[in-house]
Amino acid sequence: MMRLDKFLCETGKCTRSQARDWIRQGMVTVDEQTVRSPETRIREDEDLVCLQGRSLAYRKYVYYMLNKPRGVVSATADNRDKTVVELLGENMRPDIFPAGRLDKDTEGFLLLTNDGPLAHRLLAPGRHVDKTYMVTMEHALTREESGLLETGVEIGEKRPARAAGIQTIDETHILLTLQEGKFHQVKRMLQAVNNRVLALKRVSFGGIILDERLKPGEYRELTEAEVKILYDA
Ligand code: URA
């Protein structure tokens with residue numbers, strides 16, 4: 001059982017205060033009866049709730065894979081820049097946030113969700129969730145530099161920062177996997193071996209590969225199987 005205004009809010013259609021207004025205005029029916037009291041308790045799995053005649057399905061948690069474009073910030077609100085949650089358009093709801101951050105000039109896979117407990121687990125430092133980046137570098141890495149990145153380089157943190165894996169694609173491209181998540185970590189690690197990141201794209205997160213059909217700025221819902229992978233990560 002839950003309050004009707006909370007239910008409406010959690011379908012993602014509105015804020016709690018909008019929900020109360022709509023209910024008081026008679027826009028909401030429960031099992032075909034107009035209900036005007038926001039505190040009415042409903043059975044969220046059984047009752048048919050309609051907003052202006054259209055039925056609403058209750059979903060507590062939502063999960064989106066966004067291909068973050070450059071120039072957009074990983075935040076829920078910003079005075080200057082467009083935020084990643086704004087890219088959700090009509091699917092935006094007030095409780096969705098990015099699970100982790102990508103720099104403004106980084107592209108690629110960002111998970112947008114309202115599942116706080118899952119995000120917390122995925123981002124906890126001890127979890128070692130894999131994040132793989134396609135790195136475009138200023139110049140090629142020597143074998144020695146690549147080895148250093150894998151054993152750990154000083155970037156001014158308590159401990160050296162290390163890559164969990166490096167795969168060479170060509171002279172100036174590598175796939176670099178991190179299990180840590182320090183601020184600007186890839187850029188600072190490459191700087192530590194006298195190189196420079198020219199472009200950065202996250203191509204996988206927690207065992208899920210960025211859907212290549214998504215152009216920068218596009219998103220899709222995760223499948224149930226993908227959500228399960230994240231829960232198992
Ligand atoms: N490392 C960086 O330097 N930037 C990112 O956006 C992600 C990882």
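Quick test for you: out of K201, K182, pick the one residue that is within 12 Å of the ligand (Cβ to nearest atom), surrounded by 14 or more Cβ atoms within 10 Å (Cβ to Cβ), among the basic types (K, R) and in a strand (DSSP E or B).
After applying the criteria, what remains is K201.
Give segment 152-173 a look and list any residue that's at pLDDT 95 or above and under 13 Å from A192 (Cα atoms), or say none.
Correct list: G152, V153, E154, I155, P160, A161, R162, A163.
Run R127 past the list (1) buried (at least 16 other Cβ atoms within 10 Å of the Cβ); (2) under 27 Å from K201 (Cβ atoms); (3) touching a helix residue (DSSP H, G or I) at 6+ places or on another chain (Cβ under 7 Å) and report the number of the one that doesn't hold.
The single condition R127 does not satisfy is (1).
State whether one or more residues within segment 69-91 are in contact with an Asp or Glu (Cβ under 8 Å, 6 or more places away or on another chain) and part of a strand (DSSP E or B).
yes
Within segment 204-211, is there a residue that is within 18 Å of the chain's Cα centre (by Cα), within 16 Å of the ligand (Cβ to nearest atom) and among the small types (G, A, S)?
Scanning segment 204-211 turns up at least one residue that is within 18 Å of the chain's Cα centre (by Cα), within 16 Å of the ligand (Cβ to nearest atom) and among the small types (G, A, S).
What do you reckon, is Q191 open to solvent by 50 Å² or more (accessible area, probe 1.4 Å), within 13 Å of the ligand (Cβ to nearest atom), under 17 Å from the mean Cα position of the chain (by Cα) and among the polar types (S, T, N, Q)?
In short, no.
Of the conditions (1) touching a residue at least 24 places away in the same chain (Cβ under 8 Å); (2) surrounded by fewer than 14 Cβ atoms within 10 Å (Cβ to Cβ), R159 clears all except one; give me its number.
R159 satisfies all of (1) touching a residue at least 24 places away in the same chain (Cβ under 8 Å); (2) surrounded by fewer than 14 Cβ atoms within 10 Å (Cβ to Cβ) except (1).
Out of the residues in segment 88-115 that are over 16 Å from L222 (Cα atoms) and away from the ligand (no atom under 12 Å from the Cβ), state the one that is least open to solvent (accessible area, probe 1.4 Å).
Ranking the qualifying residues of segment 88-115, first place goes to R93.
The values are calculated or read from the model by the stated rules, or taken from the named source; none is laboratory data. Keep in mind the model is a prediction, meaning the values are calculated, not measured. Because the Cβ atoms are built from the backbone with ideal geometry, glycine has one as well, and the counts that use them run over all protein chains shown. Please note that ligands, DNA and RNA were not included when accessible areas were found on the heavy atoms of the full protein model with its side chains. Shrake-Rupley method; radii C 1.70, N 1.55, O 1.52, S 1.80 Å.
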